[in-house]
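First up is the structure itself, then whatever we jot down about it.
The values are calculated or read from the model by the stated rules, or taken from the named source; none is laboratory data. Predicted model only: the values in this text are computed from it and were never measured. Cβ coordinates were reconstructed from backbone atoms using ideal geometry, including for glycine residues, and neighbour counts include every protein chain displayed.
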Amino acid sequence: MSLSTLVAGVEARASSVPADAVSTPTGLALSLPSIGASGLADALPVLALGAWFKHAACLLADGRAQFGPNLGDLDNADACRAVEPAALALLAQAAAPVRAIAHDLHPDFHSTRVACALAARLGVPAIGVQHHHAHVGAVLAEHGRFDARPVLGLALDGVGLGTDGEAWGGELLWVAGGEFVRLGHLRPLRLPGGDRAAREPWRMAAAVLHADGRGDEIAHRFSGQPAAAMLAQVLARPALCPPTSSLGRHFDAAAGLLGLCEVMQDEAEAAIALERLAASTAAPELAPGDWRIRCGGDALHGAPDAARAGAEREASEVPGARADCGAPDAPWAAPAPTGAHPGASAPPPGSALELDLHPLLLRLADEPDAARGAARFQATLAAALVHWVEAARRRTDCATVVLSGGCLHNRLLADALHTALPARGFEVLGARRLSPGDAGLALGQAWVAMHRTPCPPL
């Protein structure tokens, strides 16, 4: 099963183009600020071939990001045929030869194949970049952060291939230039029927019920769905239900459990319905225990050969409204800025921070008032994410957090995080001129690739 068709993330609403962004015959062009003591953005022209959804390539050079046209999703022949010509048009604009071509980790994406072919033709490296690492990098590039000072990255979307081959989408990362550590992730949900679960929120709701031993409710609760009678049997077969840490799928599960949307006709329909209903309703008081943080193992991820295995998973649970994880790891010193080279010391393998939202979803399963349930989901999610980030700060001593990913199109969530995190002493960076979703992802791929490409001799 192709991960490219697993999940359509919560990335439906395109951000408006601000006045200081320039529209060109090719695509969006941005002049990037120069913050920090690094000439990296001027020294290394890099081409990046973007995402599967809302595909747009990006040339990063001379303090400027030049995007190609938005070709849409790479699930049709016309879009795929346009990928290489659009990339070549950007290459023709480069004042100097590009030093690398960046692409998604997924080997089956058409953009990956084009990137590798172009790199071979030009004799430059083809650099695979993990999807959520790129999301964080895009925001850092937009803010002119071209050094490798560590930050925390909260990357929240529908799907991106992880370095373990699984579908990621609710990620807490430590990022230092070309390296990242997966500090934490959302407790995975099962995708019953694989890619169909991305289009049918009732399936995600059923997965939550089944995980809690309530699979016998599925057929009755979703009696209008022909497959409902057999879905418990499907969920009992893990090979048919790959896991995902996607926050987008958590939105779908919540909407399905509240009866807001069983089958989507439009992209992100379930998440949008949930947000709209929550926006019109006062949030109830948060309930203790609606979320938990669990501790487990983590691993270093940067260049493929830099990965190192995490410690064995040993879980301890922390109920909602607490951000501790049992006995905290000894704090490690934040590394000094390292300029253009990713030499910062990563946190050692230890306990991963898994955010478990299943208690919240199960509460929604028994909520008779959909509006109150929607407001509870939005408010509890924001509070849980804030505590999650605070737990990561205690572990890493990082106080800068980057908010990225298509789920940040949800204004209730974005506004709550942008309010609560600074109040707790964080510097918060978010997308400003670019979309936080996949439309701007190529800029982040290029940012990561710059850090992994040797600087040319002076």
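Mind telling me which of the residues A94, A100, A82 ends up being without any contact (Cβ under 8 Å) to a residue 60 or more places away in the chain, more than 15 Å from K54 (Cα to Cα) and hydrophobic (A, V, I, L, M, F, W, C)?
Details: A100 fails: without any contact (Cβ under 8 Å) to a residue 60 or more places away in the chain; A82 fails: more than 15 Å from K54 (Cα to Cα).
A94 is the lone residue from the list that is without any contact (Cβ under 8 Å) to a residue 60 or more places away in the chain, more than 15 Å from K54 (Cα to Cα) and hydrophobic (A, V, I, L, M, F, W, C).
Is it the case, given these coordinates, that G184 is part of a strand (DSSP E or B), surrounded by 24 or more Cβ atoms within 10 Å (Cβ to Cβ), touching a residue at least 60 places away in the same chain (Cβ under 8 Å) and touching a Gly at 6+ places or on another chain (Cβ under 7 Å)? It would help to see each step written out before you state the result.
Numbers: part of a strand (DSSP E or B): yes; surrounded by 24 or more Cβ atoms within 10 Å (Cβ to Cβ): yes; touching a residue at least 60 places away in the same chain (Cβ under 8 Å): yes; touching a Gly at 6+ places or on another chain (Cβ under 7 Å): no.
Judged against the criteria, G184 is not a match.
Of the residues L408, L412, L361, only one is in the same structural domain as G158 (by TED's automatic domain parsing) and touching a strand residue (DSSP E or B) at 6+ places or on another chain (Cβ under 9 Å); which? Give the steps one after another, and end with the answer.
Values: L412 fails: touching a strand residue (DSSP E or B) at 6+ places or on another chain (Cβ under 9 Å); L361 fails: in the same structural domain as G158 (by TED's automatic domain parsing).
Of the residues listed, the single one that is in the same structural domain as G158 (by TED's automatic domain parsing) and touching a strand residue (DSSP E or B) at 6+ places or on another chain (Cβ under 9 Å) is L408.
Restricted to the stretch 151-181, and to residues that are of a type in the set (D, E, K, R) and within 16 Å of G137 (Cβ to Cβ), which residue is surrounded by the most Cβ atoms within 10 Å (Cβ to Cβ)? Once the filter is applied, the top-ranked residue is D157. Number of residues in the stretch 261-278 that are part of a loop (DSSP other than H, G, I, E, B) and over 16 Å from V208 (Cα atoms) equals 6.
Please work out if L381 is buried (at least 19 other Cβ atoms within 10 Å of the Cβ), at negative phi, in contact with a Phe, Trp or Tyr (Cβ under 7 Å, 6 or more places away or on another chain) and modelled with pLDDT of 95 or more. For L381, the condition - buried (at least 19 other Cβ atoms within 10 Å of the Cβ), at negative phi, in contact with a Phe, Trp or Tyr (Cβ under 7 Å, 6 or more places away or on another chain) and modelled with pLDDT of 95 or more - is not met. When the stretch 218-276 is limited to residues that are touching a helix residue (DSSP H, G or I) at 6+ places or on another chain (Cβ under 6 Å) and of a type in the set (V, I, T), the one that is surrounded by the fewest Cβ atoms within 10 Å (Cβ to Cβ) turns out to be V234.
Evaluate the following for P359: is it more than 16 Å from V151 (Cβ to Cβ) and either among the acidic types (D, E) or not in a helix (DSSP H, G or I) (or both)? When the stated conditions are applied, P359 does not pass them. Out of curiosity, is G128 at pLDDT below 95, of a type outside the set (F, W, Y) and either touching a His at 6+ places or on another chain (Cβ under 7 Å) or farther than 30 Å from G425 by Cα (or both)? Considered against the rule, which asks whether it is at pLDDT below 95, of a type outside the set (F, W, Y) and either touching a His at 6+ places or on another chain (Cβ under 7 Å) or farther than 30 Å from G425 by Cα (or both), G128 comes out as no.
Given the criteria under 19 Å from D157 (Cβ atoms) and buried (at least 19 other Cβ atoms within 10 Å of the Cβ), does A442 qualify? I'd like the intermediate steps shown before the answer.
Details: under 19 Å from D157 (Cβ atoms): yes; buried (at least 19 other Cβ atoms within 10 Å of the Cβ): yes.
Yes; evaluated as a whole, the condition is true for this residue.
Report, by residue number, each residue of the stretch 72-93 that is assigned to a loop (DSSP other than H, G, I, E, B) and closer than 22 Å to V46 by Cβ. Break it down stepwise before answering.
Step one: of the stretch 72-93, the residues assigned to a loop (DSSP other than H, G, I, E, B) are 73-76.
Passing the criteria: only L74.
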